[in-house]
Structures are given as structure tokens and as C-alpha cells.
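The values are calculated or read from the model by the stated rules, or taken from the named source; none is laboratory data. All figures in this text were calculated on a predicted structure; none of them were measured in a lab. With ideal geometry, Cβ positions are generated from the backbone for all residues, glycine too; neighbour counts draw on all protein chains shown. Accessible surface areas use protein heavy atoms only, side chains included; no ligands, DNA or RNA. Shrake-Rupley method; radii C 1.70, N 1.55, O 1.52, S 1.80 Å.
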Amino acid sequence: MKVISTRNPTQAYSLSDAMQKGLADDGGLFVPEKLPTIDFSSFPIDATYCEFAALFLQAFFVDDVVLASKIPEICKRAFNFTIPLQKINDSTYCLELFHGPTNSFKDFGARFLAECLQVLNQTNKTTILVATSGDTGSAVASAFHGKENVNVIVLFPKGKISARQEKQITCWQDNITAVEVDGNFDDCQRLVKSAYAELENINLSTANSINIGRLLPQMIYYAYHARGFQLQHDAALNFIVPSGNLGNVTACFYAKALGFPIDNVILATNNNTALKDYLETDEFVPRSSVVTLANAMDVGNPSNLERLQYLFSDFETLQQNVKVIAVDDEQIKETIKHLYNAYGLVVCPHTATGFFAREQLIGGSWVIVSTADPAKFDTIVEPLVGQAIAVSAELQNLLDKPNNSLPMAADLNALKTIINQLSD
């Protein structure tokens, strides 16, 4: 399969090249030139997640001379944790994507991308830039820590992520540099894209969701559970996806486009309503992000909107397929309390937006995508449920390490200085 830029369909790239580049030369995002045909009915019914993932991804990498034969082993190394689908009631399920090493769904994409780039970067040294609104930074840092020929710079917004999220980003050292930016997530994202445009003499890539290597593995858990549900219940699933930069929900739409049994896809968001307003007005207005309890979704100019616009080629089609339910902080709090009191279920603020959205919907079987371990948001969740939340061994190990970060103004020249120092 070849990929093209959302802004220029005339030049095609291999997946290996696209993952190494991260962002297209014209500033666009890489998308499949044509979606592969996947005969999921031929997949073994009892396939493990890793086996299913390898079969799924090989359809994309079949023409990639470097990675095609290595996909099964890459999947074994990347996806070595569980992805349980918990039944809440007869029509509601919770897909727990937070059982990886940094306790968020970002581990799926980050670990797969890291394993691929480790194969591809045998001789070339690469600097990876990452902007994070919370969980991406820690997942990327964990996935790339100790990898040869790669330096990772993680930009996170000062004072706008949880203390435990910050700890997970700043505890690594070695080939990982954490940078505390005096600004918001959109400032961090702008700096990453600007660095791409201006630093041509340095081999740059990104591990944000703008990298197609992050997007591909995120399709798999939707496909895997949709197929499993169909085999068991002879029905399609509906998904509710907490959404900020729109990478995770874009992956769900791609899984649906590939023919997997997925019906409705609903986006749950917080008070950052740029996408919701766009769908109501046909005018997209980027804006500064608003700080909310669901901080990983505090995005005012979501990058992956460009992929959704490409997938749904006109506004009317986009509007018909993409539905958004906005949830404010008070509704997040009430949902967290309700879930604990009704089901003994403890969720993070992002997952709470999904459960709130579920209450607005009728009919069908719905899966709420649970994006992060609630223990990462202890100062928010614990007062609402009235008890301490158990901390996983993986999280505790990171919390016990010392912090290391560099302060930086939201300034491209300051970022250039850091990049150049690490590239020497």
C-alpha cells in the first residue's frame, strides 16, 4: 500500500518512508492512497490479539520491502498487554485501552511506531519531536527510551497536565528530553510543525498522531472487538470515542471504512468545541484551547481533522458521519460519581465524557473507549469517589523516578537551540 499527502495526491510514498518522515513535505498528513482489501472472515476465530494485529497490518505493509516480513514480530513486542472489553449492562461496554506500560491508549501507537523505526533507523540518527496534551508524551518516551539512533524531545504545556502525567514524561533522561513549554498544547503542536518547515538539515520525525505509524495500530482494537462481537452476537458495534486531536477516532472511522462491523461512531469532547462548532456552521475556526478536567482533550486546532476531511471528501458527507457530543466539567464530575455509585466503576475524566455521551443515545450496543487509567488523575477522581485509587506497578515505577525537564518559552528559536544541541 502506498500513502499520499492530504494536500497533494500526486506523489506516493511507502509506509516506511512516511513513518520516517512523520509529516509530508507540504505540511499535509499521510493517508492511504487506496485502502487495502482485508478479508477478515478468513482470520482464525481464535486468533490472539497479536495474531489478529499481524494479519490486519500485513494488508497495509504487503509492498513494503523493509517491514513486511517483520510485522508479526513487531506486533509481539508492541502489543504485549491486555485490552479487555468490560460489560457494564446489556447494551453498554467499556473498552479498556490503558493496560500498557504508561496506562493510556497511546501505548498502542507509540510502541508500534517505535519498533518500526528501530528497524528502519539502523544507521540514520533521527530526532523525534512530540507535542503532548497529557498522555502522548509519556507513551512515546516509554516506547523510545533506550532505542538506538533516536533522540526524543517531548513538549508539554506548563501547568496544564496532571502531576502524574508530568511525572511520567519527565522521568526518563538518556535519549529522552522533556521540555516544559510556557503555553498550551496548541503552542506545542505549532512549534513541532514549524520546526519541520524550517529545519531541513536535521533528520526530523514525529510520534504524534499525525504520524501514520501511530494511526495504523489504533485501527486494530476497533476491528478486533467489532469482529469478536459480531461472531458472538451477530450484530455491529457502535463506538463512543473521547476525542481531542482526533487521531483515535479517525482510526475508528478507518476501521469502519475497511468493512469491519462498526455502525455509529460518536465523538465525545469537552469544552473545546472547535469541531462541534465547525460541523454546525461549515466554518472551521481554530482557537486557543480551554483548560478542562479532561486535559488530554484540550485541543483547539485538531490536526487529524485534515484526515477526516480527506476521508469524507465533502462537508455534507463529513457532517453526516461525524457526530460530536460536548461534555462540560460539571457533567464529567457527576458522571464519575454516578458510575462509581451505580457500578463500582472508576473512570478517568476523558472516559467520563464517553459515558455521559452514552446516556444521550438510544438503541444498539455501545462501546465507550476508556483512554486512561483513572489513577493518573487522582487529584480529580479520588475526591469524587471518596477513596484512594490503586496505582499499577508500572505507574508506581515511573512515579518513583526523579523529574528532569527543560523550561522553554513558546518560541521556535528556543526549540531550534535544543534540537541543534541534541543533534550534535
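Table for the structure above
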| read-out | value |
| --- | --- |
| Per-residue HN-Hα couplings for the range 348-363 [Karplus 6.51, -1.76, 1.60; θ = phi - 60°; Hz; x = Gly/Pro] | 7, x, 5, 4, 4, 5, x, 5, 4, 4, 4, 5, 8, 10, 10, x |
| Cα→Cβ-extended label distance, 7 Å offset, between GLN319 and THR417, nm | 4.9 nm |
| Stokes-Einstein diffusion coefficient of the range 207-249, Kirkwood radius over Cα pairs, 10 °C, 1.306 mPa s, in µm²/s | 137 µm²/s |
| Alpha-carbon Debye profile of the range 247-368, log10 I(q)/I(0) at 0.14, 0.15 Å⁻¹ | -0.64, -0.73 |
| Alpha carbon Rg of the range 369-415, scaled by the compact-globule rule 2.2 N^0.38 Å | 1.66 |
| Relative contact order, percent, the range 168-306 [alpha-carbon distance under 8 Å, six or more residues apart] | 23 percent |
| Solvent exposure of the chain as accessible area per residue, Å², 1.4 Å probe | 38 Å² |
| Accessible-area value, ARG7, 1.4 Å probe, nucleic acids and ligands omitted, Å² | 140 Å² |
| Euclidean distance between Cα centres, the range 270-315 to the range 359-424, Å | 21 Å |
| Under Karplus coefficients 6.51, -1.76 and 1.60, residue-wise ³J(HN,Hα) of the range 60-67 in Hz, glycine/proline x | 7, 9, 4, 9, 8, 5, 7, 9 |
| Percentage relative contact order, the range 16-106, counting C-alpha pairs under 8 Å, at least six apart | 17 percent |
| Unit Cα scatterers, Debye sum, the range 182-221: log10 I(q)/I(0) for q = 0.19, 0.31 Å⁻¹ | -0.67, -1.02 |
| Choice from ALA12, ALA141, ALA393 with maximal GNM fluctuation in the chain (Cα, 10 Å cutoff) | ALA393 |
| DSSP beta bridge pairing in the chain, given as percent antiparallel to the nearest 5 | 20 percent |
| For THR126, distant residues with modelled amide H under 5 Å away | VAL150, ASN151 |
| Pairwise label distance in nanometres, GLU200 with ASN341, each label 7 Å out on the Cα-Cβ vector | 6.2 nm |
| Residue among ILE202, ILE336, ILE210 with the largest mean-square fluctuation in a Gaussian network model of the chain, springs linking Cα atoms under 10 Å | ILE202 |
| Within the chain, helix-based [θ] at 222 nm, where runs of 4 or more DSSP H residues each add -39,500 (n - 2.57), nearest 500 | -13000 deg cm²/dmol |
| Overall Cα dimensions of the range 18-174, principal axis frame, Å, largest first | 47, 46, 29 |
| Percent carbon-and-sulfur accessible area, the range 351-418, ignoring ligands, DNA and RNA, probe 1.4 Å | 53 percent |
| Pair THR10, ALA235: separation of 7 Å Cα→Cβ label points (nm) | 5.0 nm |
| Reciprocal mean inverse distance between Cα atoms of the range 198-312 - Kirkwood radius, Å | 15.5 Å |
| Neighbourhood net charge (12 Å Cβ-Cβ; Lys/Arg +1, Asp/Glu -1) for VAL31 | +2 |
| Bins of 10 Å, starting at 0 and running to the largest distance - Cα pair percent for the range 243-309 | 21, 50, 25, 4 |
| As computed over the chain, the Cα convex hull volume per residue (Å³) | 132 Å³ |
| Sequence of THR37, THR379 when ordered by accessible area, the most exposed leading, probe 1.4 angstrom | THR37, THR379 |
| GNM result for the chain, Cα springs below 10 Å: residue of VAL327, VAL119, VAL367 fluctuating most strongly | VAL119 |
| Share of carbon and sulfur in the accessible heavy-atom surface of the range 1-143 [1.4 Å probe, %] | 49 percent |
